[in-house]
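A quick write-up on the structure given underneath.
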Amino acid sequence: MRPTNALILACLALAALAPAPARADQPTFSETAAAEAAANATYGPRTTPGQTIPVPDDVSPQLQRLIAAPFGNVADAPKTGDEWKAAVAAANRTAMVNLDRLKRELGVTVEPTVVAGVKAYLVTPMTIPEKNRNRLVVALHGGGYVFYPGEAGTGEGVMMAGFGGFRVLAVDYRMPPDFPFPAALDDAVAVWKEVVKTTKPENVALIGSSAGGGLALATILRLKDEGLPLPGALAAGTPWSDLSSAGDSYAANAWLDNVLVAYGGMLEGMARLYAGGESFRNPYLSPIYGDFSKFPPTILTTGTRDLFLSNTVRAHRALKRAGAVADLEVYEGESHAQFLAGPSVPESREAFADIAAFFDAHLGR
């Protein structure tokens, strides 16, 4: 019997994931150990040998394929506002194709709305459990504070609704190049003020990943500073808690994370575009420099290859030191925000199940 094309492709995919055989000219462990010990014989920065990192074999096949994928965008940042807008438009076209499929798979509806003058989307699951009838999740999308305006930014909200059975209000906050900092933060706070007029704050959770996670942390800081009520719970996925390149994983995971890849180029460009000349040490830009006392219970999610692993770990430690309830979920092999991959990846379903359970434990009813 002749093999089918699908079987051939599957075999080729598995072969691509298999570790390469050792070369005869490779140094032995003892030789490498001696060379590296000599290179690291004094106090200071560490040097590491050139190495190839294999795909872990103890994660799902679907996640293995994500981990093995080529690099994402490694281009330099656009130079002009028009170039930024062209890049955003191109990314949105791809995002909308994926979003339409995601909505169908999860049975979720997305309807545009306006809250306190801010564009937003109401995301509704097919079924809302009784315990969630009086609850709401406010979602702040990722995308480096630049990408995924409009419905294209509702993906995380769609997954929270579909996996968790929550109504979600996804905020389409303003972004550069037309609206740099603090426009996004102003919009998030304006929406929050309006939401709590009709919903008890202890029944509302705030969720965001990457830039959305950083914005969620900054929103809590701003709400505290203004003496406003806080959400009942917060989910900050791999939050961009420091716009600068401070943090161990910016070096340790550079060129290992296949999503963000490295700090230079596009990522640094987005940070500078959003900040608009403001110091990265401003806690509303880089929340890690803020006061984490009295934060709501927070769940943080990241992966071992995430360029923002340190951003996440530092935020978790700041929360713990301030006495907050803080859970840290770290996934083997995942690069930046790969827990948002969707329902076909078991680890993605697991991540949202953890977030939903955390919300259920800490939100009012």
inquiry  = Can you tell me how many residues within segment 315-365 are under 26 Å from GLY144 (Cβ atoms), in a loop (DSSP other than H, G, I, E, B) and touching a Phe, Trp or Tyr at 6+ places or on another chain (Cβ under 7 Å)?
reply    = 1
Members of segment 127-173 found to be in a helix (DSSP H, G or I) and either of a type in the set (D, E, K, R) or modelled with pLDDT under 95 (or both), listed by number = GLU130, LYS131, GLU151, GLU156
When residues of segment 58-88 are limited to those that are part of a loop (DSSP other than H, G, I, E, B) and either without any contact (Cβ under 8 Å) to a residue 24 or more places away in the chain or polar (S, T, N, Q) (or both), the one farthest from ASN253 (Cα to Cα) = THR80
ask   = How many residues does segment 249-287 contain that are in a loop (DSSP other than H, G, I, E, B) and farther than 30 Å from VAL55 by Cβ?
value = 11
Residue under evaluation ALA91, criteria (1) within 21 Å of SER335 (Cα to Cα); (2) assigned to a loop (DSSP other than H, G, I, E, B), criterion not met = (2)
ask   = Which condition breaks for ALA33 when tested against (1) within 24 Å of LEU267 (Cα to Cα); (2) surrounded by 10 or more Cβ atoms within 10 Å (Cβ to Cβ)?
value = (1)
ask   = Restricting attention to segment 225-248, does a residue exist that is buried (at least 17 other Cβ atoms within 10 Å of the Cβ) and assigned to a helix (DSSP H, G or I)?
value = no
ask   = How many residues does segment 216-270 hold that are β-branched (Val, Ile, Thr) and under 24 Å from LEU63 (Cβ atoms)?
value = 3
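Here's the yes/no breakdown for (1) touching a residue at least 24 places away in the same chain (Cβ under 8 Å); (2) crowded, with 16+ Cβ neighbours inside 10 Å; (3) not small (Gly, Ala, Ser):
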residue	(1), (2), (3)
ALA271	yes, yes, no
PRO283	yes, yes, yes
SER286	yes, yes, no
LYS294	yes, no, yes
LEU309	yes, yes, yes
THR312	yes, yes, yes
ALA318	yes, yes, no
note = Within segment 321-337, restricting to residues that are buried (at least 19 other Cβ atoms within 10 Å of the Cβ) and of a type in the set (Gly, Ala, Ser), the one that is nearest to the chain's Cα centre (by Cα) is ALA337
inquiry  = Take the conditions under 30 Å from GLY44 (Cβ atoms), crowded, with 21+ Cβ neighbours inside 10 Å and modelled with pLDDT of 95 or more and apply them to SER279. Does it pass?
reply    = no
ask   = From VAL115, VAL110, which residue is within 22 Å of the chain's Cα centre (by Cα), closer than 27 Å to TRP192 by Cα and among the β-branched types (Val, Ile, Thr)?
value = VAL110
message = I'd like to verify a number: residues in segment 174-197 that are in a loop (DSSP other than H, G, I, E, B) and either under 17 Å from ILE220 (Cβ atoms) or modelled with pLDDT under 95 (or both), how many?
response = 3
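The values are calculated or read from the model by the stated rules, or taken from the named source; none is laboratory data. Owing to the predicted nature of the structure, the values given are computational and were not obtained by experimental measurement. When we count neighbours, we look across all protein chains shown, and the Cβ atoms used for this are built from the backbone with ideal geometry, even at glycine.
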